């Protein structure tokens, strides 16, 4: 703490011996030691309190940053939820006004049109072999075998 060398301590001890005398020197040394211990304890107390206060300030700062991040995340989630609810409401409104789901049409599906296409091509070419269409009501040999 004071950074005194051995020679400096020896000089102080000799001066104290001369000034105080051999009778009062032990009591003065105890008294000085007591005050040095108290001063060190007080210094350590102030230092530890200062470090605790710094740690508390850092914790408060970290807590506020975490709260801010949570508020931002919550705001983002609420915005996304509101957007999803608006889209769902628009889809419901579209279904109730048209009576069908958006994108659905009353025309046959593309797969049915593709299966009818080979039969139409064969009929128009005038081939003697007729290809059965996918929607024909006549049973074929393969249908009989399954039953």
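FYI, it's all coordinate maths here, none of it is from the lab. What you see is a predicted model; the values in this text were computed from it and never measured. Cβ coordinates were reconstructed from backbone atoms using ideal geometry, including for glycine residues, and neighbour counts include every protein chain displayed.
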Quiz prompt | Where a label projected 7 Å from the Cα of residue 68 along Cα→Cβ would reach, residues of the range 37-62 with amide N under 12 Å | solution = 61-62
Quiz item: If you take all C-alpha pairs in the range 37-85, what percent of them are over 13 Å apart?
Solution: 70
Practice problem: Report the FRET efficiency, 1/(1 + (r/R0)^6), for residue 85 and residue 61, where r is their Cβ-Cβ distance and R0 is 22 Å, rounded to 0.05. | Solution: 0.05
Practice problem: May I ask you to derive the FRET efficiency for residue 53 and residue 3 from their Cβ-Cβ distance with R0 = 25 Å, giving the value to the nearest 0.05? | Solution: 0.35
Exercise. Report the extension gain between residue 77 and residue 97 in nm, rounded to one decimal, defined as 0.36 nm multiplied by the number of residues separating them, less their alpha carbon distance.
Key: 4.2 nm
Quiz item: If one computes P(r) from the Cα atoms of the range 1-71, what percent of pairs lie at distances over 21 Å?
Solution: 55
